[in-house]
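See below for the structure under consideration.
Readers should treat all values here as calculations from the given coordinates under stated rules, not as data from a laboratory. Since we're looking at a predicted model, the values are computed, not measured. All Cβ positions, glycine included, derive from the backbone under ideal geometry; neighbour counts span all protein chains shown.
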Amino acid sequence: MKTTITAVRARQVWDSRGRPTVEADVTLAGAASGRACAPAGASRGAHEAWELRDGGTRFGGLGVDRAVAAVNGEIAALLAGRNALDQEGLDAAMTEADGTANLSRFGANAIVAVSLALLDAAAAGSGLARWELLAQGCKVRIPLPEIQIFGGGAHAGRRTDVQDFMIMAPRADSIREAFEITADVFRAAGRLMEETGRLAGAADEGGWWPMFSSNEDALDALVQSIERSGHRPGEDVFISLDVAANELHDAGRYRLGLDNADFSSADMVGRVADWVRRYPILSIEDPVSQDDLEGFALATRSFGATTQLIGDDILVTDAERVRRAAAAGAGNAVLVKVNQAGTVSRAKAALDAAKALNWGAIVSARSGETEDVAIAHLAVGWDAGQIKVGSFARSERMAKWNELLRIEEAMGADAVFAGVSAFAPWVAEALG
Ligand code: PGA
Ligand code: ZN
């Protein structure tokens, strides 16, 4: 059969932070092949699938020789002769052979590179784009992007407490238009930071890394940047924040260093709720830490009826955690990071769980990325509705955005931009 796997091979390549990562190639009998790279997070949740690093002193302990060896040894032997189209079966075979709950034996970085390379090979072997293979003939939307303007937190020397200051343009007609709006705002923000002498550098995901005197100073600067770009905050451009509060949390307390504030969970939620009231914020990710389900539920009661409330570190792309959170009345959207789950199939299960609840779903990159564009295809092919890649700069980010432009063009007249429909229905309704 054309799609029979003949070889699986991995190598060490380098990610956008100059750290080693795993790249996998899958070759099929029909001569088609696929390739994918594992991404890597910096603000990781403790419940994520395990990224296997070599430890020791070489590359600061970040080597991936053991993960590469797992692919070239056990995983390659396991998959040889099987049909690349059987993504679920192959993903299950890898996770079963790994044998650990968090995939720490082979490493989730080994498994995810192979899982994504299998998808790429299966699509190539079928003569389809990856998004087309995933869509299986169903109508799918071009996702609404959330795009970083200022980077902070663990991605920028903790210069701001909040990790991502992003924008969304849900009323754009196409992703092309959403990018044009973003380019305007990104340029205006850069100029504003330069003029006011606040630019410190570029954050890990390519956003401006400015010096702010408070988290609200950053929010004010973002509103000002939108206004200066000629767009209207709260009408055509909205703010989306990833608080990444896991990084601010210690022993039951939350510390906003920039604001010199030390909060209980309820007060932390209160502070975020205050921002939501005073700024044109449409979406909030991780307002509380990875184990603070009560705080997440409180945030949902407080502003989840009108604001998207995304779980990242608290849900870690796990279907069961999504269902548990929903049962506790916590959250209304899931961040989907394939490497948090470990396989394409597990990530899809988390997305399906969210869809069954009428939640939003955002396919997301990590802060450590490569030129790999698989997530653009996942977001479209799964009809996720939203995508998060980082900022509007640096080629590991732009590669994904540009791939979405190509997909939108390939769809031609059939292309439908998710826009407002990307949110949970009650959030979409509140937006009008
Ligand atoms: P990470 O950050 O990839 O460093 O975990 C991304 C996010 O928190 O959404
Ligand atoms: Zn996050």
Among Ser345, Gly157, Pro210, whose Cα projects farthest towards the positive end of the dipole of the chain, with charges put on the beta-carbon of Lys, Arg (+1) and Asp, Glu (-1)?
Ser345
Determine, for each peptide in 304-317, 51-64, 169-182, the mean count of other beta carbons within 10 angstrom over its residues, then list the peptides with the highest first.
304-317, 169-182, 51-64
Relative contact order for the chain: what percent, with Cα pairs under 8 Å and sequence separation of 6 or more?
19
Counting Lys and Arg as +1 and Asp and Glu as -1, each charge on the Cβ, what is the dipole of segment 221-314 about the Cα centre in debye, to the nearest 20?
460
Which of rounded, prolate or oblate describes segment 223-269 when judged by the alpha-carbon gyration tensor and an a/c cut-off of 1.5?
prolate
Calculated P(r) tail over 25 Å for segment 5-128, as whole % of Cα pairs
21
Charges at C-beta only: +1 for Lys and Arg, -1 for Asp and Glu. How large is the resulting dipole of the chain about its Cα centre, in Debye rounded to 20?
560
Using a Förster radius of 41 Å, what is the FRET efficiency between Asp291 and Arg11 based on their Cβ-Cβ separation? Nearest 0.05, please.
0.65
Looking at the chain, what % of its DSSP beta bridges pair antiparallel, to the nearest 5?
60
Linear extension gain, Arg19 paired with Thr306, 0.36 nm per residue minus alpha-carbon span:
99.4 nm
Set the Förster radius R0 to 51 Å, insert the Cβ-Cβ distance between Ser213 and Ala327 as r into 1/(1 + (r/R0)^6), and round the FRET efficiency to 0.05.
0.80
Taking only the alpha-carbon positions of segment 144-431 and ignoring solvent, what does the Debye formula give for the base-10 log of I(q)/I(0) at q = 0.07, 0.13, 0.14, 0.17 Å⁻¹?
-0.22, -0.81, -0.96, -1.51
Tensor-based shape of segment 245-335 (alpha-carbon gyration tensor, a/c under 1.5 rounded, otherwise prolate or oblate):
oblate
Signed unit charges on C-beta, dipole axis of the chain, positive-most listed residue Ile147, Leu128, Gly385
Leu128
Considering only Ala101, Ala189, Ala299, give the residue with the highest GNM mean-square fluctuation for the chain, with springs between Cα atoms whenever their separation is below 10 Å.
Ala101
Please figure out what share of the DSSP beta bridges in segment 5-128 is antiparallel and state it in percent, rounded to the nearest 5.
100
Which of the pairs Lys2/Lys355; Lys355/Lys388; Lys2/Lys388 have their Cα atoms more than 28 Å apart in this structure?
Lys2/Lys355; Lys2/Lys388
So, in Å, what gap is there between the alpha-carbon centers of segment 81-149 and segment 6-25?
16
Please give the calculated 222 nm ellipticity per residue for the chain, where each DSSP H segment of at least 4 residues contributes -39500 (n - 2.57) and the sum is spread over every residue; nearest 500 deg cm²/dmol?
-11500 deg cm²/dmol
Out of all DSSP beta bridges in segment 159-301, what portion is antiparallel? Express it as a percent rounded to 5.
70
With R₀ set to 56 angstrom, the calculated FRET efficiency between the beta-carbons of Ala356 and Glu194, to the nearest 0.05, is 0.75
Classify segment 335-432 from the C-alpha gyration tensor, please: rounded if a/c falls under 1.5, else prolate or oblate depending on whether a/b exceeds b/c.
oblate
Please compute the length gained on full extension between Asp173 and Asp262, using 0.36 nm multiplied by the number of residues separating them and subtracting their Cα-Cα distance.
27.8 nm
